[in-house]
Every structure is written in structure tokens, then in C-alpha cells.
Amino acid sequence: MNILVLGAGQLARMMALDGIPLNFKFRAFDVGPAIVVDPLSHHQYSQDLAAAIEWADVITSEFEHISHPVLDQCQQSGKLFPDAQAIKTGGDRRLEKQLLESAGVANAPYRIIQDRASFDEALSQLGAPLVLKSALAGYDGKGQWRLKSAQEASTLWPKIEAFLASDPKQAIVAEQMIPFDREVSIIGARNHQGDVVTYPLAVNHHHEGVLTVSVIDGGQSQALESQALTIFEALTQQLNYVGVLAVECFVVNEKLLVNEIAPRVHNSGHWSQQGAFVSQFDNHNRAVAGLALGDCTLRTPTAMVNILGEDAIDPQIYALPGCKVHWYGKDKRPGRKMGHINISAPDAHLLQQRLAELAQLLPESGFPGLHEYLHR
């Protein structure tokens, strides 16, 4: 089975690593320079996209911000899973909101802003505080603004106006700011036959808009897990989805409100490499290739800690019980996702102890989100 991945980052790398035992072969289309590479060695092939599509049995994606001409070219081959519309929906908050409404899935009240009149209307109808998000190309806290009170509107509008003027395809999705108890994500897979498997809910902690810690210990209520499954099935059925899908949700009084979706393997699912019988990467490969989906049962409580902007950690970390370090082979850059650490334990209490031991070896200056989580 030959699999072409759109995107050549760490998610393509981890898909390839988990695909090797299945005897799959991978190539990646690096959409920036428009070159075809090996996702592990980054060896460049003398292929263009058309030749890579011809080589592939299946095409998939590691991220959603891909030009529509590339997606359309892949869609025409009949090999792209999830399909182009699902990927486009994940990359455009306007389409995402339409999906949530059509699937009957609860989410924050919103309005679309394209000019000053719609900005004023959104503030009048939704009230403050508001979260304003770019419709396109927003991720890891980028392309977002906060409007805490109506008095801030005159100060914020020039920034929004300049942003909208920079790209005629852009818009702003204004949402009511939801006071939530915690953020969780459900990750699961759906195959060509419509079979669905889902992982237990991950509890996520962000620092400055970037995911820093995900904890999965089986501690969420069965009612919440059932709600999440219902949401996942509704969205994947609406999209006729094939592959792994991540759905980020706010928990508000033990009810779920969907924040956003990601039509791909997801950062908050990296824990599954050690904490589940079959990882999200393995299940994505299985789903798009037409194989039976694997067991998502929680094997052991596990937490994932992102390594951001650091290319080295204390060597003592490698000796911690239940600890596994994953590096992405990237050049160091401030804030860049360089790798992650998975740490597991037999029970939730011991997992928190091991996270605290890990934090003692990770400086707060480089890992503020982990220290915030432990002192919450």
C-alpha cells in the first residue's frame, strides 16, 4: 500500500513510523515548496504532485490549511481520504460552523464579520466578551483577538479592519466567550464501511493558545463520554468521513460545546502512542487503507507534554518510570513544536505524581504550561 501525505511535518512522520509495521510505504507532498519527500529522511523524489498521485494508492493529509487547487487535484483522483470537502471545512471556520449546525451539534453562538457594520452587529447581538477568530489559517492561538467589553471596540476595530484588508478571502468569526470548566477532546476513527472507534476523552491545558498538556486517565464521566461519542458520530456521518477526526470541546456544567474540529491526527492524541493498544496514527492508516480499525481502549493512564522551542532536555528524564520521549527532528525555533513526552502510570494518582517528577526536571521558563497545570 502506497500512501501519499499532504504535508511533510511531524504528523506525517508519525503516520509513516506507525505504517511501517503494516508494510505501508509513504511519501509526503511538502505543500510550501511543492516537492515530494520521504517523511522520515526528507529525501526528495524527482516527482511532481501529479506523479505522486499516480504512485499512491491512497492520499491523506496531516493538516487542513492546503490550497484548494491541490485538494481538488487530489480529489479528482478518487484516492483522497478524508475528502477535500472535509479538509476544507477544517480549514475554514465559516464552513466549520455550518457543519456543526447541519449536524445538530451544540457550539458557541456566533456571527460572521466582514466589515464595520457586521462587527457592530455582532457586538450588539452577542454582547461582550467576545472571541474573534480568523476564518482561515488560524491555529495554535494565531489569528485570534479578545474583546472584553464594548468600550474596547473602537480600539480593536482598526486591527480587525487591517487584517480583513490583507486578504479578500478572509473573514472573522465572532463567538460568545464561554466560561467553561475544562477543555476536552475526543479523537476517533471512521473507516470506509462506516465503522467508528473512539479514544477516551483527553483533558487539555493550553498556555497562550498553544496546547501544552493532555491528560487521559479515564476519569471523565460516562455521561460525558457518551455525549462525545454522539457528537463524533454525528459529525463523521455528516461528512461521510474516512480517517481520524479530532473534536475539541468545552465542558460547561457537564455538557459539551464543540469549539473546533481537526480533520486529521491531532496533538491531543499523541498520548495514544503509549496509552492505548492502537495509536491514533495506526488507526488513521488503517481507516484510509481500508483495514479493520484497532482497539482504542485506555491501556494505562497517560499524559502528553509538548516540547516547545527546546531541542534538549535533562538526560534524567529518559530514566523516569513510564516515560517515552518523541523528537521530531526539527531545527530549534522559539515556540516551535520540537517533540513531546508521554508519561504513563498504573493509575490516575500515580500519573499526577510522575508528572510532578517530570516537571522538576523541566524548567518553568521553557515549560510554563506544565507548571500551570500542576498548580491549577
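Size descriptors for the chain, from the alpha-carbon set: Rg then Dmax equal 20.5, 60 Å. Projecting the Cα positions of Gln170, Gln144, Leu156 onto the charge dipole of the stretch 109-176 (unit charges on Cβ atoms of Lys, Arg, Asp and Glu, taken about the Cα centre) puts Gln144 furthest along the positive direction.
Hull volume per residue, based on the alpha-carbon atoms of the stretch 182-374 and their convex hull, is 118 Å³.
Using R0 = 30 Å, the C-beta based FRET efficiency linking His68 and Asn240 works out to 0.95. Backbone phi angles across the stretch 178-188, fed through the Karplus curve with coefficients 6.51, -1.76 and 1.60 (θ = phi - 60°), yield HN-Hα couplings of 9, x, 10, 7, 6, 10, 10, 9, 10, 10, x Hz in residue order; Gly and Pro are listed as x.
Annotation: average projected area of the stretch 109-176 is 4.1 square nanometres, based on the convex hull of Cα atoms across all directions. This model, with +1 at the C-beta of Lys and Arg and -1 at the C-beta of Asp and Glu, gives the stretch 182-374 a dipole about its Cα centre of some 420 debye. Taking amide H atoms as placed 1.01 Å from N in the peptide plane, the amide H of Ala276 lies under 5 Å from those of Arg299, each 5 or more residues away in sequence or on another chain. Anything over 29 Å Cα to Cα? Flag those among Lys79/Lys133; Lys97/Lys255; Lys148/Lys255; Lys169/Lys330; Lys25/Lys330; Lys142/Lys169, in the order listed. Long pairs (Cα-Cα over 29 Å): Lys79/Lys133; Lys169/Lys330.
Counting every other Cβ atom within 10 Å of each residue's Cβ, Thr89, Thr198 order from fewest to most as Thr198, Thr89. The ranking of Thr297, Thr155, Thr302 from fewest to most other beta carbons within 10 Å of each one's beta carbon is Thr155, Thr297, Thr302.
Here the stretch 2-80 carries DSSP beta bridges of which approximately 35% are antiparallel, counting only pairs with both residues inside.
The value for the stretch 50-157 of Rg(Cα) / (2.2 N^0.38 Å) is 1.37. Each Lys and Arg contributes +1 and each Asp and Glu -1, all at the Cβ; summed about the Cα centre of the chain, the dipole is approximately 220 debye. Around the amide H of Arg182, modelled in the peptide plane, lie the amide H atoms of Val251, all under 5 Å away and 5 or more residues distant in sequence or on another chain. From the largest down, the stretch 2-80 spans 32, 25, 24 angstrom on the principal axes of its Cα atoms. Listed from fewest to most Cβ neighbours within 10 Å, the set Lys332, Lys97, Lys25 follows the order Lys332, Lys25, Lys97.
Only Cα sites of the stretch 83-124 enter the Debye sum here, all with the same form factor; the resulting log10 I(q)/I(0) across q = 0.17, 0.23, 0.31 1/Å is -0.56, -0.82, -1.01, listed in q order. Set against the 2.2 N^0.38 Å expectation for a compact globular protein, the stretch 144-261 has a Cα radius of gyration ratio of 1.30. Amide H to amide H distances under 5 Å link Phe26 with Ile3, where only residues 5 or more positions off or on other chains count and H is placed in the peptide plane. Shape of the stretch 194-247 from its Cα gyration tensor (a ≥ b ≥ c, root eigenvalues): rounded if a/c is under 1.5, otherwise prolate when a/b > b/c, or oblate? Oblate is the answer for the stretch 194-247, as a/c is 1.5 or above yet b/c matches or exceeds a/b. Taking a straight Cα-Cα cut-off under 15 Å and skipping sequence neighbours fewer than 8 places away in the same chain, the aspartates and glutamates within cross-link reach of Lys88 are Glu62, Glu64, Asp72, Glu96, Glu260.
Here, each number is a calculation from the coordinates, and none is a lab measurement. If you're wondering where the values come from, they're calculated on a predicted model, not measured in any experiment. Because the Cβ atoms are built from the backbone with ideal geometry, glycine has one as well, and the counts that use them run over all protein chains shown.
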